[in-house]
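Colleague: One structure coming up, written as structure tokens, with questions to follow.
The values are calculated or read from the model by the stated rules, or taken from the named source; none is laboratory data. Treat the numbers as computed from the prediction; the structure is a model and nothing was measured. When we count neighbours, we look across all protein chains shown, and the Cβ atoms used for this are built from the backbone with ideal geometry, even at glycine. Ligands, DNA and RNA are stripped out before the accessible areas are found, and what is left, the full protein with its side chains, is counted by its heavy atoms. Shrake-Rupley method; radii C 1.70, N 1.55, O 1.52, S 1.80 Å.
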Amino acid sequence: MTRFLSTTWWTFILEVAHVVLRVLAHGFAATSVVTILTSNQEIYMLDRIPIAKAHYKYSSALRYKLVADALVCVFSLLSSILVYKKTRSSYTEHISSLYFNLLIHDVVMMTLVISGCAAATGVGFVALKGIEKLGISWAPICHLARKFCLMGTLSIAFSYADFACMIILTFISEWKLKLLATH
């Protein structure tokens, strides 16, 4: 069974995809962390007097997104090293348990990334549009803090790209488990 799976070109493609997508997920998460960390901006009145500062630390949702992206960054790097070592070794006795563990890892990381994206997207929408309802009034700040909003948008976009990598990895791990179970 294992010999059949190791001789097909699909297995080679899946193993390369595993490593490449994990490295991409790490890169997207790292870029998201860097962009959110550099998203601070001071807001000036009459181009001289600082009146406010926009920073990720002021929003619990953006802090949560930063922590989620940092965790995904670290764990995707560790999992890519593990998958790369697995592709280079000839030891295949516990390959189904490896793919099961990778599936659990991918689902947890995917859930963590999308929850951070959802929280930051909500805050970003309020920063862009504001809220005007009875009893609630939050003014939009993106027209005043363009750099902050641009960097926040880029960070969220990189997190969504990371989510796309993680969902594809989840499907690949599930497919590999299904192949191992049926052969």
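Colleague: With the condition kept exactly as written, say whether any residue in the stretch 98-112 is open to solvent by 60 Å² or more (accessible area, probe 1.4 Å) and more than 22 Å from Ala68 (Cβ to Cβ).
Modeller: Yes, some residue in the stretch 98-112 is open to solvent by 60 Å² or more (accessible area, probe 1.4 Å) and more than 22 Å from Ala68 (Cβ to Cβ).
Colleague: Let me ask another. For the list (1) more than 22 Å from the chain's Cα centre (by Cα); (2) among the polar types (S, T, N, Q); (3) part of a helix (DSSP H, G or I), I need the number of the one condition that Thr153 fails.
Modeller: (1) is the only condition that Thr153 fails.
Colleague: For the stretch 131-145, check the following and say yes or no: at least one residue is closer than 20 Å to Val74 by Cβ and in contact (Cβ under 8 Å) with a residue 40 or more places away in the chain.
Modeller: no
Colleague: Please determine, by comparing only the residues of the stretch 131-183 that are among the β-branched types (Val, Ile, Thr) and either touching a strand residue (DSSP E or B) at 6+ places or on another chain (Cβ under 7 Å) or open to solvent by 70 Å² or more (accessible area, probe 1.4 Å) (or both), which one is nearest to Thr111 (Cα to Cα).
Modeller: Ile168
Colleague: Also: Which of the numbered conditions does Val123 fail, given that it passes all the others? Conditions: (1) in contact with a Ser or Thr (Cβ under 7 Å, 6 or more places away or on another chain); (2) surrounded by fewer than 18 Cβ atoms within 10 Å (Cβ to Cβ).
Modeller: Checking Val123 against (1) in contact with a Ser or Thr (Cβ under 7 Å, 6 or more places away or on another chain); (2) surrounded by fewer than 18 Cβ atoms within 10 Å (Cβ to Cβ), the one that fails is (2).
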